[in-house]
Amino acid sequence: MNKTLIIYLFLIMGLVSCQSKTSNTTKSDETQDAPTKTEETADTGSDELRIFDSFEELAPLFQTQSDSLYIVNFWATWCKPCVAELPYFMQLAEEYKDSEIKFLYVSLDFKKQIDTKLKPFIEAGKIKGDVVVITDADFNSWIDKVSPEWTGSIPATLVFDRNKRGFYEQSFEYEELKEVVEAYLKG
């Protein structure tokens, strides 16, 4: 019975941690700019990797009064669908590099794996751009603050500007992601 229980728990963890094709969209009113605070940074060879120990430190990154469109992708190196969709985000970031679109990649990698897995992944050029890590393992206390629709599965993407927000708990193909971005750009 113990073996069955352990297998069942691993199966549930796998389903919850890397869901691939469920979509939820949420909209909210305007939010306000707030300064960011980081506890720690780590040099990854190109940009600094900002490490946040609590969601409260990271939360101001999800608030804006600017005209920019923000695309925030929650991912981890251990999540196969997350890693598979990253090139699509990189491709769009390159296509829109001269626009008011900001891409942010929020890693949910385990704190003990930042040096051994995450930094080498970034240094190998697998991800370029603004990468941050949140090491606040009390997910239940903060996932609803990102979106009430979020079950906690990754990959997950938050898209917002000063007027609206959308949340997508799914993995994207390139064309799907581009359609979402273009819909926001059209207003």
Revision key, fill the gap. Phi angles of region 62-71, converted by Karplus (6.51 cos²θ - 1.76 cosθ + 1.60, θ = phi - 60°) into ³J(HN,Hα) in whole Hz with x for Gly and Pro, give 9, 10, 8, 10, 7, 8, 6, 9, 10, 10
Practice item. Mind checking the full-extension length gain between N140 and A84? Use 0.36 nm per residue of separation minus the Cα-Cα distance, one decimal, nm. Key: 17.6 nm
Check your understanding: Which entries in the list K80/K102; K102/K126; K145/K178; K97/K164 go over 20 Å, if you measure between the two C-alpha atoms of each?
Key -> K80/K102; K145/K178; K97/K164
**Study point:** Candidates per GluC sites (Glu not before Pro) in region 104-187, loop by DSSP, up to 16 other Cβ within 10 Å
**Key:** E173
**Study point:** Distance-filtered residues of region 117-144 - backbone nitrogen under 11 Å, label point 7 angstrom along F110 Cα→Cβ
**Key:** none
**Study point:** In order through region 77-93: 3J(HN,Hα) via Karplus (6.51 cos²θ - 1.76 cosθ + 1.60), integer Hz, x for Gly, Pro
**Key:** 5, 7, 9, 4, x, 5, 5, 5, 8, 3, x, 5, 5, 4, 5, 5, 4
Review point. How large is ³J(HN,Hα) for each residue in region 161-171, as worked out from phi by the Karplus curve 6.51 cos²θ - 1.76 cosθ + 1.60 (θ = phi - 60°), to whole Hz, x for Gly and Pro?
Key: 9, 5, 9, 8, 9, x, 10, 10, 9, 6, 9
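Readers should treat all values here as calculations from the given coordinates under stated rules, not as data from a laboratory. Bear in mind that the values here come from a model prediction, so they are computed numbers and not experimental data. Counting neighbours? That spans all protein chains shown, and the Cβs are built from the backbone with ideal geometry, glycine included.
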